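Q: I'd like to ask you about the structure that follows.
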Amino acid sequence: MKRTAFLLPFLVAAATFAQAPKGTPVAPDAAEQAKLAALKGKANGIIVWSSSRVGNHKIFAMDADGQNVRQLSKGNKTDWYPRISPDGARVLFTRSKLDWTAETNANFPERWDTWMVNVDGSGEKLLVPNSTWATWRADGSIVFSRGTDVFTAKGDGTGEAKLVDGKTLLKGGIAQNPNLSTDGKFLAITLRGSERSVGVLNLATKQWFESASGGGCQMTFFPGGHRVTRVNPTGNGGTELYAYDLDASGKHGALSADKQKWLDLPGRRSHEYFPQISQDGKWLVWAATDRGHDHDIADYEIHLLKIGESADKAARITFHSGNDRWPDAWMK
């Protein structure tokens, strides 16, 4: 009876979806082919993401121009949230303990572990048990969540230390997407559970500053400064990306909503999600759908744009009806 009771939440979650859709490859149209061609010789590096195209979410990689797609992680578990190390050699990712586990279970760290794999697919290994949302810092250390709390550790998973006690500093909300500014002064977090908001915690003063609109999610820092981007629940397709600078305390600047708007794709595929800035600060990678929102099953496709260029220059770089999500980019 005890084992059945323990497994029940897992079984309920697994029954929500039999499995993420495998999908099939699709052909880029003429305009998409032209944008892909324009990336050759311009975008040099690697992009990683989580895809369901082999029957369960695994970690994939490709060249930054969309070529040379290859699978990095193996096995029957659910692998997602890949993040490339500062030297471009390794990839962190979150892996489920059961075979098919929906991302909605991310609030339960005991159902996940942090793993690492080399960018050539070798050396897959467990790094931090019972953890989610692990990402790299510029010095090669990592930051990750465990329910309401946020931790740091060395790049090999040792030296774990609690950075934030969420029960006292985050009102008990589940800490998703923890992202430290390069200087370590501010922590951007999406809160879920009883508290639902996105904002920045000043680690010195312990002050919490909610985002300007009070909504949205997936806030992340631009490398090297106190500028952030996040998903805002308005715009074409139901979302758009905001970007703005923080003041010295960590609070957003006094910008009107129209001044914060950064990117909103034209056309139907404009439900932007999962934004990430490359380690050199020059490229934005994200995913977008033309319908649906669900992180596990919607037909998200990966897009790439050089920062400073207009939204109409964005290039779609995956072409598959499966679920492609949570990209990261490392550029030479």
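The values are calculated or read from the model by the stated rules, or taken from the named source; none is laboratory data. Keep in mind that what you see is a predicted model, and the values were worked out from it rather than measured. Every residue, glycine among them, receives a Cβ derived from its backbone with ideal geometry; neighbour counts consider all protein chains shown.
Q: List the number of the failed condition for GLY225; all other conditions in (1) out of contact with any Gly (no Cβ under 9 Å at 6 or more places or on another chain); (2) closer than 23 Å to TRP330 by Cα; (3) not basic (Lys, Arg) hold.
A: Unmet for GLY225, out of (1) out of contact with any Gly (no Cβ under 9 Å at 6 or more places or on another chain); (2) closer than 23 Å to TRP330 by Cα; (3) not basic (Lys, Arg): (1).
Q: Now for a different question. Quick check on my filter: what residues within region 178-193 are over 19 Å from MET116 (Cβ atoms) and assigned to a strand (DSSP E or B)? Show your work before the answer.
A: First, the residues of region 178-193 that are over 19 Å from MET116 (Cβ atoms): 181-193.
Selection gives PHE186, LEU187, ALA188, ILE189, THR190, LEU191, ARG192.
Q: State the number of residues belonging to region 91-132 that are part of a strand (DSSP E or B), of a type in the set (D, E, K, R) and surrounded by 14 or more Cβ atoms within 10 Å (Cβ to Cβ). Lay out the reasoning, then the answer.
A: Our first condition is that a residue be part of a strand (DSSP E or B); within region 91-132, this holds for 91-96, 112-118, 125-129, 132.
Still in the list and also of a type in the set (D, E, K, R): 95, 113, 125.
Then drop every residue that is not surrounded by 14 or more Cβ atoms within 10 Å (Cβ to Cβ), which leaves 95, 113.
Of the residues in region 91-132, 2 are part of a strand (DSSP E or B), of a type in the set (D, E, K, R) and surrounded by 14 or more Cβ atoms within 10 Å (Cβ to Cβ).
Q: Taking region 273-288, which residues are closer than 16 Å to ASN236 by Cβ and either in contact with a helix residue (DSSP H, G or I) (Cβ under 9 Å, 6 or more places away or on another chain) or of a type in the set (Asp, Glu) (or both)? Break it down into steps so the answer makes sense when it comes.
A: So the first thing to find is which residues in region 273-288 are closer than 16 Å to ASN236 by Cβ, and the list is 273, 275, 286-288.
Within region 273-288, just ALA288 meets the criteria.
Q: Looking only at region 133-154, count how many residues are part of a loop (DSSP other than H, G, I, E, B) and of a type in the set (Gly, Ala, Ser). Let's see the steps before the verdict.
A: At the first step, the residues of region 133-154 found to be part of a loop (DSSP other than H, G, I, E, B) are 137-141, 147-148, 154.
This time we only want the ones that are of a type in the set (Gly, Ala, Ser), so: 138, 140-141, 147.
So the count comes out to 4.
Q: Might you check whether a residue that is in a strand (DSSP E or B), closer than 25 Å to ALA61 by Cβ and within 19 Å of the chain's Cα centre (by Cα) occurs anywhere in region 155-170? Steps first, answer last, please.
A: Just the residues of region 155-170 that are in a strand (DSSP E or B), to begin with: 161-164.
If we keep only those that are closer than 25 Å to ALA61 by Cβ too, we end up with none.
No.
Q: Restricting attention to region 202-217, does a residue exist that is modelled with pLDDT of 95 or more, small (Gly, Ala, Ser), surrounded by 21 or more Cβ atoms within 10 Å (Cβ to Cβ) and in contact with a Phe, Trp or Tyr (Cβ under 9 Å, 6 or more places away or on another chain)?
A: No.
Q: If I filter region 277-332 down to residues being out of contact with any Lys or Arg (no Cβ under 9 Å at 6 or more places or on another chain) and of a type in the set (Lys, Arg), which single residue comes out as surrounded by the most Cβ atoms within 10 Å (Cβ to Cβ)?
A: Step by step, filter region 277-332, then rank; the result is ARG325.
Q: Going through region 289-310 one residue at a time, which ones are assigned to a strand (DSSP E or B) and either under 13 Å from the mean Cα position of the chain (by Cα) or at pLDDT below 95 (or both)?
A: ILE302
Q: Looking only at residues in region 28-40 that are closer than 13 Å to GLY66 by Cβ and among the small types (Gly, Ala, Ser), which one is surrounded by the most Cβ atoms within 10 Å (Cβ to Cβ)? Full working, then the answer.
A: Of region 28-40, the ones closer than 13 Å to GLY66 by Cβ are 28, 32-40.
From what's left, among the small types (Gly, Ala, Ser): 34, 37-38.
Details: ALA34: 11, ALA37: 11, ALA38: 13.
Filtering region 28-40 for residues that are closer than 13 Å to GLY66 by Cβ and among the small types (Gly, Ala, Ser), the one surrounded by the most Cβ atoms within 10 Å (Cβ to Cβ) comes out as ALA38.
Q: Tell me, which residue of region 41-60 that is surrounded by fewer than 18 Cβ atoms within 10 Å (Cβ to Cβ) and under 26 Å from ILE297 (Cβ atoms) is modelled with the lowest pLDDT?
A: First, pick out the residues of region 41-60 that are surrounded by fewer than 18 Cβ atoms within 10 Å (Cβ to Cβ): 41-42, 44, 54-55.
Applying the additional criterion that residues be under 26 Å from ILE297 (Cβ atoms) yields 54-55.
Values: VAL54: 95, GLY55: 89.
Among those residues, the one meeting the criterion is GLY55.
Q: While we're on this one: Does ARG137 fit the bill of being surrounded by 22 or more Cβ atoms within 10 Å (Cβ to Cβ), within 18 Å of PRO275 (Cα to Cα) and of a type outside the set (Phe, Trp, Tyr)? It would help to see each step written out before you state the result.
A: On the way: surrounded by 22 or more Cβ atoms within 10 Å (Cβ to Cβ): no; within 18 Å of PRO275 (Cα to Cα): yes; of a type outside the set (Phe, Trp, Tyr): yes.
When the stated conditions are applied, ARG137 does not pass them.
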